[in-house]
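Some notes on the structure that comes next.
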Amino acid sequence: MSHDLLGIKRRLRIRPLPKHLEAVTSVGDEVAATALDLPAGAADSIWAAAESMYKTGVHPFLSLCIRRHGEILVNRSIGHADLENERIGSIETPVCAFSSSKAVTAILVHKLAEDGLINLLHPVSRYLPEFGQNGKAKITIMQLLNHRAGLPFVPDGIETEHAFSQESAFRLLCEAPATNSHGREMAYHAVTTGFIYAALVQRVTGKTISQYLNTVLRKPLGMKHFQYGINGAALENVAVNYKSGLRNPKLIENILSKVLSMPVDEIVDLSNTPEFYDSVIPSGNLYATAEEMSRFFQLLLNGGTWPGKSGSARLMDSETVQQAVREA
């Protein structure tokens, strides 16, 4: 291999591939494409594209689940969940969903509204009075959901350990001044809103957000993982996160560091620590398999119903789902 090519691979942070892809591939139960009104080779064509992505060497592990008409068309994985220990991943490997966690957490907030425990148009401070400090008194729950709450950045000077403590993080966010108090300026709230949602859930239900998730979604949908943080036996199978691909340009890296409170590479390292695994970060550390995430989004496509042994069960009102997925 030429010196130039080695240099490119180092810059891209590309890792060597196994000789035989079949040895690192896992396949679950799938419904034949023809039974789902698709050509016979549809699933294999989709998977060939996934394998091409894996062959770039940028992604150590890839897990994919696709449903059509509510049935599983593709449920496969490829690669290593842990490169250092040569642990091959599978369709049962739990992966950190990072910011995809926000979709799940937002649905929990909409469920609170459906049950009459909150009104999305009311100020957050109506339920959490301490949140109303420093220009945040009129910020509504809907503005939180729409990334217009005026708290896009982690407060300056915050220590990493605060991110691992719901109480400490929420207190600091309550004390922080809003970048705007009218809720009309959109800015991606990467981390901050999750701690506020967690406090809101606990205040109006008496349950932790993990307990509420278990009651509303995880248990009714029959999930094995699908929880904030990960512990116990599941830790032995969790996918390790890696730094790969080109590094971000300096401008983008500076913005992300401001939003996340630290450089992206440090976030990756942090996400593999016991402290991160043990924490509840509703905006960023839901752990699930690809099939479980697919199950959640299928629930929304179903308008809030899920098939069970004795027929479909309604987990959410269809109007709640419509409001939750409506473009804002």
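The values are calculated or read from the model by the stated rules, or taken from the named source; none is laboratory data. Keep in mind it's a predicted model, so treat the numbers as computed, not measured. So basically every Cβ, Gly included, is an ideal-geometry build from the backbone, and we count neighbours across all protein chains shown. Protein only, heavy atoms only, side chains kept; ligands, DNA and RNA dropped before computing areas. Shrake-Rupley method; radii C 1.70, N 1.55, O 1.52, S 1.80 Å.
Points to keep in mind about this one:
- Residues being at pLDDT 95 or above, more than 26 Å from Pro155 (Cβ to Cβ) and small (Gly, Ala, Ser) - total across the range 228-264: 1
- Of all residues making up the range 268-304, the number that are open to solvent by less than 40 Å² (accessible area, probe 1.4 Å) and free of Cβ contacts under 8 Å to residues at least 12 places away in the same chain: 1
- Selection status of Asp29, open to solvent by 60 Å² or more (accessible area, probe 1.4 Å), out of contact with any His (no Cβ under 6 Å at 6 or more places or on another chain) and free of Cβ contacts under 8 Å to residues at least 12 places away in the same chain: no
- Among the residues examined, Ser90 does not qualify as among the hydroxyl-bearing types (Ser, Thr, Tyr) and buried (at least 22 other Cβ atoms within 10 Å of the Cβ).
- Only listed residue being part of a helix (DSSP H, G or I) and open to solvent by less than 50 Å² (accessible area, probe 1.4 Å), chosen from Ala43, Ala35: Ala43
- Elements of type strands (runs of 3 or more DSSP E) in the range 248-328, at least 1 residues being within 19 Å of the chain's Cα centre (by Cα), under 25 Å from Lys224 (Cα atoms) and among the hydrophobic types (A, V, I, L, M, F, W, C): 286-288
- Within the range 62-80, the set of residues being buried (at least 21 other Cβ atoms within 10 Å of the Cβ), touching a Ser or Thr at 6+ places or on another chain (Cβ under 7 Å) and either among the β-branched types (Val, Ile, Thr) or within 30 Å of His189 (Cα to Cα) (or both) comprises Ser63, Cys65, Ile78.
- Qualifying residue in the range 148-155 (condition: loosely packed, with under 15 Cβ neighbours inside 10 Å and touching a residue at least 40 places away in the same chain (Cβ under 8 Å)): no
- Residue match in the range 216-228 (condition: under 24 Å from His59 (Cβ atoms), surrounded by fewer than 16 Cβ atoms within 10 Å (Cβ to Cβ), in contact (Cβ under 8 Å) with a residue 24 or more places away in the chain and more than 15 Å from the chain's Cα centre (by Cα)): yes
- Residue match in the range 291-302 (condition: closer than 25 Å to Ile78 by Cα and among the polar types (S, T, N, Q)): yes
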